[in-house]
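The values are calculated or read from the model by the stated rules, or taken from the named source; none is laboratory data. Model, not experiment: these values are computed from the prediction. When we count neighbours, we look across all protein chains shown, and the Cβ atoms used for this are built from the backbone with ideal geometry, even at glycine. Note: areas computed on protein heavy atoms with side chains; ligands, DNA, RNA excluded. Shrake-Rupley method; radii C 1.70, N 1.55, O 1.52, S 1.80 Å.
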Amino acid sequence: MGVPSDEVVQIRLADADGDPAVVTVSCPDKTGLGCDLCRVVLLFGLSVVKGDMSTDGRWCYIVLWVLPRPGRPVPWDLLKDRLLQRCPVAAPFGFDTADLAAAGLQDAAPPAPQLFLLKLYCFDRMGLLHDVTRVLCELEFTIRRVKVSTTPDGSVLDLFFITDARELLHTKSRREEAYGKLENVLGDSLASREIDPATEDMLSCLQACASLTPAVMERMFNTDIIEEQSISTIGDDTISVTTDNSLSSVHTLIQIQCGDRKGLLYDIMRTVKDCNIQISYGRFYASQNGRCDVDLFVVQSDGKKLLDQQRQGSLSCRLRLELLRPLRVALVNRGPDTELLVANPVEASGKGRPLVFYDITLALKNLQKRIFLAEIGRHVVEEREWEVYRVHFGEEHDLSSSLRSKIVDGVTSMLMGWD
């Protein structure tokens, strides 16, 4: 379909250890393509150290220099396939994507993948939930919702609502592959496992989640509080967002200077996409001293410069907040229990930041904290949707102030790549 994959996505591996690999994408343009590609790169555990992107509105050319996380091998061929899936189909010679769309031949939005329920009954041990999450990520399963509960005798019932990126979970061989990997990792801790298609009743339960109290909502989503907390943590002078209409007759220049961290370019692309701003040319560079410089030449959805002062200010504030604290982390009391809350912003397309649950469970495993209950739900706050992860440590955990800070800092550092 379209031009051969080698002409759409190319990956040149690093010549030496420590050097970046180079990912090149050349394909028809679409709104939010840069965000979609950066999300895949983040999903594969890669850090972008340099990037260039340009488009004429019809064809897009993107080059990303990426580094893998230490000790984490990268399946480059699989990465190439997943990037290719995000690229629009190329029109036949003599046509363009507008012609295909008018004729009803352009790629339609793919149907939602089938949802499955993975049920695990295990004997509890330290780090169990993270080990399960790691296996699911390696299998390319997306965790849509999770319910984890611990019984008084120390047994654990894990319910994972998952989808399969390969769309093969309906087959016996794919389920057997999943069972085998889970058994290898969990060993004697695994008592039983089962994967079944999710029923309509299960889907309705999937949508139900406990509400957040007004005090928690204020603490996690009040922008003034979030910015004040972030500035006290990382400093006010670390982030600069400016707009300039004097350097180009047709584009508005957005310049960003900030500290580097995990998922930074994805968060910028996500925010620009959700604000309905189109990038004509962009440059990203992360220096060895931990600073990043970003230049984006952009237009509005109507193809015109961003001249409205109020909209400029709104976009700058939104970018600044997303750079300061894209995810919200808080530790609160819920009756006798202590509850960790992590809020993950959901794109307008309905997708959340990848690997958040993986990072949460890994941070808690490193901190030697057992998880008594866990769940994932979605909430709408001031017209924005958030994916909220809730982790209970149980009523026996009377956490000191220093330990509470250690948990919040440890989870935040893992999510932001500061560890």
Practice item. Scan the range 125-134 and give yes if some residue there is under 9 Å from residue 162 (Cα atoms) and open to solvent by less than 70 Å² (accessible area, probe 1.4 Å), otherwise no. Key: no
Exercise for review: Return yes or no: is residue 411 surrounded by 20 or more Cβ atoms within 10 Å (Cβ to Cβ), outside any strand (DSSP E or B) and either assigned by the TED database to the domain that holds residue 144 or of a type in the set (Val, Ile, Thr) (or both)?
Suggested key: yes
Study note, to complete from the structure: Going through the range 273-317 in order, the residues found to be among the acidic types (Asp, Glu), outside any helix (DSSP H, G or I), open to solvent by less than 70 Å² (accessible area, probe 1.4 Å) and more than 18 Å from residue 55 (Cβ to Cβ) are 293
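Rundown of residues vs (1) touching a strand residue (DSSP E or B) at 6+ places or on another chain (Cβ under 9 Å); (2) more than 19 Å from residue 132 (Cβ to Cβ), yes/no style:
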| residue | (1), (2) |
| --- | --- |
| 357 | yes, no |
| 367 | no, no |
| 384 | yes, yes |
| 392 | yes, no |
| 401 | no, yes |
Review point. Does residue 168 count as under 27 Å from the mean Cα position of the chain (by Cα), assigned by the TED database to the domain that holds residue 367 and closer than 22 Å to residue 387 by Cα?
Key: no
Revision key, fill the gap. Screening 281, 266 for residues that are modelled with pLDDT of 95 or more and within 21 Å of the chain's Cα centre (by Cα) leaves only 266
Exercise for review: Can you run down the residue pairs with Cβ atoms below 7 Å, 6 or more apart or on separate chains, where the first is in the range 279-298 and within 12 Å of residue 264 (Cβ to Cβ) and the partner is hydroxyl-bearing (Ser, Thr, Tyr)?
Suggested key: 292/285; 293/285
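Every residue, every condition in (1) in contact with a Cys (Cβ under 7 Å, 6 or more places away or on another chain); (2) hydrophobic (A, V, I, L, M, F, W, C); (3) modelled with pLDDT under 95; (4) open to solvent by 50 Å² or more (accessible area, probe 1.4 Å), yes or no:
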| residue | (1), (2), (3), (4) |
| --- | --- |
| 148 | no, yes, yes, no |
| 152 | no, no, yes, yes |
| 157 | no, yes, yes, yes |
| 164 | no, no, no, no |
| 169 | no, yes, no, no |
| 174 | no, no, no, no |
| 178 | no, yes, no, no |
| 181 | no, no, no, yes |
| 184 | no, no, no, yes |
Point to revise | Selection from the range 234-272 of residues that are open to solvent by less than 40 Å² (accessible area, probe 1.4 Å) and in a helix (DSSP H, G or I) | key: 264, 265, 266, 267, 268, 269, 270, 271, 272
Revision key, fill the gap. Flagged in the range 318-334 as out of contact with any strand residue (DSSP E or B) (no Cβ under 6 Å at 6 or more places or on another chain), open to solvent by 10 Å² or more (accessible area, probe 1.4 Å) and touching a residue at least 12 places away in the same chain (Cβ under 8 Å), in numbering order, are 318, 321, 325, 334
Revision key, fill the gap. Of the residues in the range 133-152 that are in contact with a strand residue (DSSP E or B) (Cβ under 9 Å, 6 or more places away or on another chain) and outside any strand (DSSP E or B), the one that is nearest to residue 123 (Cα to Cα) is 151
Review point. Which condition number in (1) open to solvent by less than 40 Å² (accessible area, probe 1.4 Å); (2) not in a strand (DSSP E or B) is the one that residue 71 fails?
Key: (1)
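Residue-by-condition table, conditions (1) open to solvent by less than 10 Å² (accessible area, probe 1.4 Å); (2) part of a strand (DSSP E or B):
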| site | (1), (2) |
| --- | --- |
| 338 | yes, yes |
| 342 | yes, yes |
| 354 | no, no |
| 369 | no, no |
| 374 | yes, yes |
| 378 | no, yes |
| 385 | no, yes |
| 390 | no, yes |
